[in-house]
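S.K.: Mind having a look at this structure? Questions to follow.
Please treat every number below as a calculation from the coordinates, not as lab data. Remember, predicted model here, so these are calculated numbers, not experimental data. Here the Cβ positions follow ideal geometry from the backbone for every residue, glycine too, while neighbour counts run over all protein chains shown.
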Amino acid sequence: MKWLVILGLVTLSECLVTIPLRKVKSIRENLREKGFLKNFLDEHPHDMIRSRLTENSAPQKKNTTLPLRNYLDKVYVGNISIGTPPQQFSVVFDTGSSDTWVPSIYCQSMACVTHNTFDPFQSTTFRFPGFIVELQYATGAVTGFLGYDTIQVGDLIIKDQAFAISQSEDDVVFENAAFDGIVGLSFPSMAIEGTTPIFDSLMNQSLIAQTVFAFYLSSNAQEGSVVMFGGVDKKYYKGDLKWVPLSQPHYWQIPLDKITIRGSSAACKNGCQGILDTGTSLLMGPKNQVYKLHKRLPDINSLPDITFTINGTDYPVPARVYVQKVRGLLCRENNTFPPKTAWILGDVFLRMYFTVFDRGQNRIGLAPAV
């Protein structure tokens with residue numbers, strides 16, 4: 001199976017707060033083990049995510065449409081707490097989205113029954129502004145309401161943070177997730193209208209020394225991965241960080257110079273775009289470019305490195321990383337949710353390269369992970 005599977009890492013520095021991440025079984029693996037995966041993929045065509053905010057079920061001025069988020073392969077989760085006294089949740093820290101949500105006690109979906117749920121009546125700091133939220137994914141929907149409360153991330157305590165509290169969730173997808181919710185770490189332009197994402201709140205409330213966060217994802221061990229806020233811990237990478245300016249401060253998107261195999265062009269010949277996404281475990285690209293790359297790959301026993309050249313620096317990804325053994329001798333590509341334009345550099349790439357997300361200067365820092 002020519003799966004370009006990439007795992008991601010996060011780190012921090014002086015005056016930084018480090019959140020341990022643990023590797024868990026993915027939604028895809030759980031669906032496959034239960035025999036549900038093929039039917040699920042057949043019933044869910046490629047689509048776009050829609051994040052919509054309504055008040056009393058009446059549409060607001062505009063809808064916000066975001067690129068498809070793939071949560072089938074999420075495998076690294078950490079803990080946060082919400083409310084006073086704190087209620088704990090396991091979440092995915094996702095650089096490909098901006099909203100934060102967890103299940104609530106009002107949710108009767110089986111997906112909520114099998115996860116931790118938030119009880120607003122048990123929190124003395126919760127407030128409800130009266131807005132209903134719908135997050136519509138190609139893989140399923142999350143609906144609920146918008147709330148504000150104290151959220152703790154490691155030692156950082158964020159006051160009056162906006163987050164969504166689900167009342168219903170797609171059972172097939174989220175029932176099989178090894179996480180309760182999601183914390184979005186992308187830009188405010190991707191967030192529910194009128195809300196402030198968590199990292200922006202950390203900056204606005206002067207809770208961090210530097211306006212950066214970073215990921216380190218351990219290659220094999222279940223433990224050892226971290227996400228860091230407010231700095232960078234140099235013990236997680238080798239050499240110096242190479243900085244790349246963002247193409248636009250909307251996604252964590254950067255220009256790619258080219259993609260080569262054994263020194264010759266395999267895709268992205270005239271340059272293209274790449275999105276650094278901890279919410280996608282795979283390495284994904286537009287179909288036509290991925291097919292070009294496939295033609296350059298020989299048999300499974302002699303697969304070469306795939307090299308991404310970014311801002312003049314080569315970042316090779318070896319076959320042991322981009323090929324994932326599922327079962328038997330069958331090889332096939334993963335084309336579940338192919339992006340139409342930009343490449344998605346998910347956890348497969350991020351596992352190889354320690355990655356710093358710099359909001360202060362709108363840039364990405366990359367260095368070989370230890």
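S.K.: Only Lys, Arg, Asp and Glu count, each charged at its Cβ (+1, +1, -1, -1), so figure out the dipole size of the range 212-368 about its Cα centre, rounded to 20 debye. List each step's numbers first, then the result.
M.R.: On the way: 19 positive and 11 negative charges, 85 e Å.
It comes to approximately 400 debye.
S.K.: Let me ask something additional. Please work out how much length the chain gains when fully extended from residue 88 to residue 235, using 0.36 nm per residue of separation minus the C-alpha to C-alpha distance, in nm with one decimal.
M.R.: Numbers: separation 147, 0.36 × 147 = 52.92 nm, distance 2.88 nm.
Extending this stretch completely gives an extra 50.0 nm.
S.K.: Using mean Cβ contacts within 10 Å as the protection proxy, how do 214-220, 116-122 order, highest first?
M.R.: Working: 214-220: 22.6, 116-122: 15.6.
So the peptides 214-220, 116-122, ranked by packing, come out 214-220, 116-122.
S.K.: Give, as a single signed number, the net charge of other residues whose beta carbon lies under 10 Å from the beta carbon of residue 367, with Lys and Arg counted +1 and Asp and Glu -1. Walk me through the intermediate numbers first.
M.R.: Working: positive: 234, 238, 242; negative: 240.
Overall, the nearby charge balance is +2.
S.K.: Moving to a separate point now. Which net charge results for the neighbourhood of residue 260, defined as the other residues with beta-carbon distances under 13 angstrom from its beta-carbon, given Lys and Arg at +1 and Asp and Glu at -1?
M.R.: Details: positive: 258, 262, 269, 292, 296; negative: 257, 305, 314.
Once all neighbours under 13 Å are counted, the net charge is +2.
S.K.: Then there's this: How much length is gained if the chain between residue 305 and residue 262 is pulled fully straight, taking 0.36 nm per residue apart and subtracting their Cα-Cα distance, in nm to one decimal?
M.R.: Working: separation 43, 0.36 × 43 = 15.48 nm, distance 0.73 nm.
Stretched fully, the residue 305-residue 262 segment lengthens by 14.8 nm.
S.K.: Amide H neighbours of residue 232 under 5 Å, counting only residues 5+ apart in sequence or on other chains, H built in-plane at 1.01 Å?
M.R.: Under 5 Å from the amide H of residue 232 lie the amide H atoms of 13, 14, each far enough along the sequence or on another chain.
S.K.: Counting Lys and Arg as +1 and Asp and Glu as -1, what is the net charge of the other residues whose Cβ lies under 9 Å from the Cβ of residue 115?
M.R.: Working: positive: none; negative: 169, 175, 180.
Charge balance in the 9 Å sphere: -3.
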